[in-house]
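In what follows, a structure is listed as structure tokens, so that the remarks can point back to it.
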Amino acid sequence: MRAIKAPNSRHGFFRFRYNHLIASTYLDTFPKVMRVCYPGVEFEPHKQDGYVTIGEGSELWFAGLDDKERTEKILGMEFATLFFGECSQIHTAQYR
């Protein structure tokens, strides 16, 4: 909803394992929520880059924190919203 109401904003969905995030959230939950809750809102997946454009230019980024290169890719990006799924799986010691 925030991405729809705030054009050109960026929002991040993070989970420890990238492949789990893609399988559960990106390919399953997200499209279902869009069909049920926002049937008139168009979105365009950019699977290779790991994000979806929605509404008036907003981006929803899906990133795993299990790989240093993936983590580096999102550092420095500005996000209006951060959502962390399965937080108990994220190991903070690896980022010290």
Portion, in percent, of the accessible area of the stretch 1-72 that falls on carbon or sulfur, probe 1.4 Å: 50 percent
Cut-off under 5 Å, modelled amide H: who pairs with Phe83 long-range: Gly12, Phe13, Phe14
With a 1.4 Å probe and every protein chain left in place, work out the accessible area per residue of the chain in Å², rounded to a whole number. 67 Å²
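If r is the Cβ-Cβ distance from Glu72 to Thr29 and R0 is 35 Å, what FRET efficiency results, to the nearest 0.05?
Result of the calculation: an efficiency of 0.85.
Determine the relative contact order of the chain: mean sequence separation of Cα pairs under 8 Å and six or more apart, normalised by residue count, in whole percent.
Values: 135 pairs, mean separation 41.8, N = 96.
Relative CO of the chain lands at 43 percent.
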Taking H as built 1.01 Å from N, whose amide H comes closer than 5 Å to the amide H of Gly55, not counting residues under 5 places away? Glu42
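What order, most packed first, do the peptides 58-69, 16-27, 35-46 have when packing is the mean number of other Cβ atoms within 10 Å of each residue?
Details: 58-69: 17.8, 16-27: 16.3, 35-46: 10.7.
In descending order of packing, they fall as 58-69, 16-27, 35-46.
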Report ³J(HN,Hα) in whole Hz for each residue of the stretch 4-12, in order, from the Karplus equation J = 6.51 cos²θ - 1.76 cosθ + 1.60 where θ = phi - 60°; Gly and Pro get x. 6, 7, 10, x, 6, 9, 10, 9, x
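Rg/Rh for the stretch 23-77: what does it come to with C-alpha atoms and Rh from Kirkwood? Before the final figure, lay out the partial values.
On the way: Rg = 12.5 Å, Rh = 12.3 Å.
Rounded to two decimals, Rg over Rh is 1.01.
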Would you please give the residues with an amide H less than 5 Å from that of Ser9, counting only those at least 5 places away or on a separate chain, with H modeled from the backbone geometry? Ser58, Glu59
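The values are calculated or read from the model by the stated rules, or taken from the named source; none is laboratory data. Values in this document were obtained by computation on a predicted structure and should not be read as measured data. With ideal geometry, Cβ positions are generated from the backbone for all residues, glycine too; neighbour counts draw on all protein chains shown. Only protein heavy atoms, including side chains, enter the accessible area calculation; ligands, DNA and RNA are left aside. Shrake-Rupley method; radii C 1.70, N 1.55, O 1.52, S 1.80 Å.
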